[in-house]
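Read-outs: derived from the displayed coordinates by stated rules, not from any lab. Just so we're clear, the structure is a prediction, and the values are computed from it rather than from any experiment. No Cβ is skipped: glycine too gets one built from the backbone with ideal geometry, and neighbour counts run over all protein chains shown.
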Amino acid sequence: MVRRQSVLNGWVLLFILFPIATVSQPDSQISIDDIEFEFIPGTSLSIQASITNAEHISELGLVITSALGTQFIPVDLPNMDGIAEIQVRLFLDVSHYPLVPFSELHYWWQITDTTGAQSHTPERSYMLVDDRYAWRLIERNGLSIYWTKDNNELGSLVWQQVEDSNEYIGAALGPVSSDSTIVVYEAGNNIQQIIDSEVPDWQGVTYPDSGLIIVTTEENGVSSSWVLETITHELVHLAAARVAAGTNNTPMWIHEGLALGSMPNRALSAPPTLIDALHDRELIPIKNLCRAFPIDKKARSLAGEQSMSLVAYLQQTYGSDIVGRLIKAHENAANCGDGVSRILDISIDQLESNWQEWLLARASKTSASQNDAYITLWVALLCAPVLITVWITVGTRSQHGDEIK
């Protein structure tokens, strides 16, 4: 899952002391000093600042940059006439200004003085850390892995999974940086509320701008293979976003199809549900899978199977590097089909038609192989009594001959 909004719940901001930020103005020396920085878990983030020469300020706002983008929050100021110094406390509701654990928060004050001139204080940075748990950590070659489970091997397994995943990613997308932070939460740690995902059964989330991946273990305990597959899935999302150079134009069916195809043997056969949907004319048009997938669980599963199968078709027909080429082509594409027409010289509707023909042929081949296997089994079952009778008869005659001798 890529770039879902998160709500910070139970995080502590590690406060870094800075000198008083001074902003020069034509007729005054305005200074803003943050004297308090407080986060109330699951509720709000507040900043209290002391402003000197406040009478020269006409507008004040806070600019916050986090894993989810940049936002400007205006500050309601009282009448500033004759006020030389004032303290301002700004409250941020985290449900409206989400924060992501293990990412950096950057902010600065933006000032407009009474002459209309604008300026801002120096940027300040904070690392958001969830201190409710005792985290284990591995840091190596640009990769940081956090986990809480009392399992010394999990960190090493994740590290090896990243190495193995790079082979699949390299074949599909070419050389891509694997620098990232991977955080493994245990199930039941309120992570669903923290991530604030509209998908109720999510397994992981990726924040490409921060190089951050958050995954959770299964409800019934740690299943290493399940967690590791999820990490590979999210690493593919991260790599695809990096190939797209942050444009966010990559169609969702490419993102999810490539990520789902990273699972061993997932794209090698035609799933019965996909074939049934094709015969029943219930497939979701590819054009409808460009920006987002359905929320409904059944429809979302079908969308994933379609996307995985379509990516497998593209790779088999045009080569393993076709997905990377399509991602690059969508960097400045006008619409979802623009990148397809640039690289494949066909419309997205024609691509969908070609894929469906390929899918039908694949299903027929799979069905024929299964029929051959069934026929072989039935022949064996039908012949078994005859073979057994012959074997008994031959054995009896052989024994009778030995007795005559």
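Observations on the model:
- Overall form of the range 279-354 per C-alpha gyration tensor (a/c, 1.5; a/b vs b/c): prolate
- With R₀ fixed at 41 Å, the C-beta to C-beta distance from D76 to N248 puts the FRET efficiency at about 0.80.
- Charge context of Q48, other residues only, Cβ under 15 angstrom, K/R +1, D/E -1: -4
- In sequence order, the range 120-129 has phi-based couplings of 8, 7, x, 5, 10, 10, 9, 9, 8, 10 Hz under the Karplus curve 6.51 cos²θ - 1.76 cosθ + 1.60, θ = phi - 60°, and Gly or Pro positions carry x.
- For the range 34-145, the convex hull spanned by the alpha carbon atoms encloses 124 Å³ per residue.
- Taking other Cβ atoms within 10 Å as a rough exposure proxy, W253, W159 sort from fewest to most as W159, W253.
- Three-way shape call for the range 221-351 based on the alpha-carbon gyration tensor, with the a/c threshold at 1.5: oblate
- Environment charge of R89, counting only residues whose C-beta is closer than 10 Å and scoring Lys/Arg +1, Asp/Glu -1: -2
- Cβ crowding within 10 Å, taken as a proxy for footprinting-reagent exposure, orders F293, F37, F72 from fewest neighbours to most as F72, F37, F293.
- Cα gyration tensor category, rounded, prolate or oblate, for the range 94-133 with a/c compared to 1.5: prolate
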